[in-house]
Structures are given as structure tokens and as C-alpha cells.
1. Toward the positive end of the charge dipole of the chain, about the Cα centre and with charges on Cβ (Lys, Arg +1; Asp, Glu -1), which of 121, 72, 106 goes farthest?
2. What is the sum of charges around residue 58, taking Lys and Arg as +1, Asp and Glu as -1, for the other residues whose C-beta is under 15 Å from the C-beta of residue 58?
3. About its Cα centre, how strong a charge dipole does the range 1-72 have in debye, to the nearest 20, once Lys and Arg get +1 and Asp and Glu get -1 at the Cβ?
4. Please report the carbon-and-sulfur percent of the accessible area for the range 79-131; probe 1.4 Å, protein heavy atoms only, DNA, RNA and ligands left out.
5. In square nanometres, what is one fourth of the surface area of the convex hull spanned by the alpha carbons of the range 56-131?
6. Counting only other residues whose beta carbon sits under 12 Å from that of residue 26, what net charge do I get with K and R as +1, D and E as -1?
7. Please state the relative contact order of the chain as a whole percent: Cα pairs under 8 Å, 6+ residues apart?
8. Which value, in Å², gives the accessible area per residue of the chain when a 1.4 Å probe is used on the protein heavy atoms?
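The values are calculated or read from the model by the stated rules, or taken from the named source; none is laboratory data. These numbers were taken from a predicted model, which means no experiment stands behind them. Cβ: placed from backbone, ideal geometry, glycine included. Neighbour counts: every protein chain shown. Protein only, heavy atoms only, side chains kept; ligands, DNA and RNA dropped before computing areas. Shrake-Rupley method; radii C 1.70, N 1.55, O 1.52, S 1.80 Å.
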Amino acid sequence: QVHLMESGGGSVQPGGSLRLSCAVAASGYTTNRPQMAWFRQRPGEEREGIAGISPGGHYTYFADYMKGRFFTISRDNDKRTMYLQMDSLRPEDTDLYYCAASSVTIPVGRAYLESSKYNYWGQGTQVTVSS
């Protein structure tokens, strides 16, 4: 079983920064690190993939709409935590942000951003960008 807990959301002015964290509680994490990703969702809309990262952290994949943005995905397997560093935030980044984990291998690439590939989800953390 895998439990995910996001933190780090909050309110920030346009141009500001936030770092989201996703702590993972899972038996056997050391030998079976999960594939992980960040998603976001607005009320009434489907979850949208932001970025995914491989179990060892060597491969990442960002959504096309994230190109040119100052978002960074990373993970620290010693701390069993994934991060999303978000800089130069815009009002349109206001969303509920979720972390997700998959117990199966996902091919590097666009599949990283498919919500159907993930079987564990956090409860979400709200990010609000407003002046």
C-alpha cells in the first residue's frame, strides 16, 4: 500500500514561488520505488498532468504547455519525497495540485502524464496566485 501526502501549497503573488512536496509512505519503497508525477485540477475539469519523474529520478517529462515555464520536478528517495519547484507563478497556475504514484513501470514520455497510469493519489494541495 502507498500513501501520499502533499504539502507546500498556499497563496502567493504573481511572480512568486512555491515548492510543493509529496511524502511517500510505502512498504518496500527502497526496493520498489514508484513512478511519480504531479497533476493539477480545476473544479469541473479533468486532472491535467504537469510533469512525471522516473523511480530513480533520472528521467523527467513535462507537459508541452509547461515549456518555457520555470517549474522543476525532482525527488529525494532517501527522504521518500517528490518535489515541484514552481517559480514565476501566474494567476492561471491557481489550481488544486495532486501527486500521484504508480506501482507499475511507465514508459518514459507522454505516458508519464496520463492519470490512468497511476493508482495512488494524494489528497491535493491548493495553490492560489493572486495579487
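1. The residue sitting most towards the positive pole is 106.
2. Charge balance in the 15 Å sphere: +1.
3. Roughly 160 debye for the range 1-72.
4. Carbon and sulfur atoms account for 47 percent of the accessible area of the range 79-131.
5. 5.9 nm²
6. For residues surrounding residue 26, the net value is +2.
7. So the answer I get is 36 percent.
8. 52 Å²
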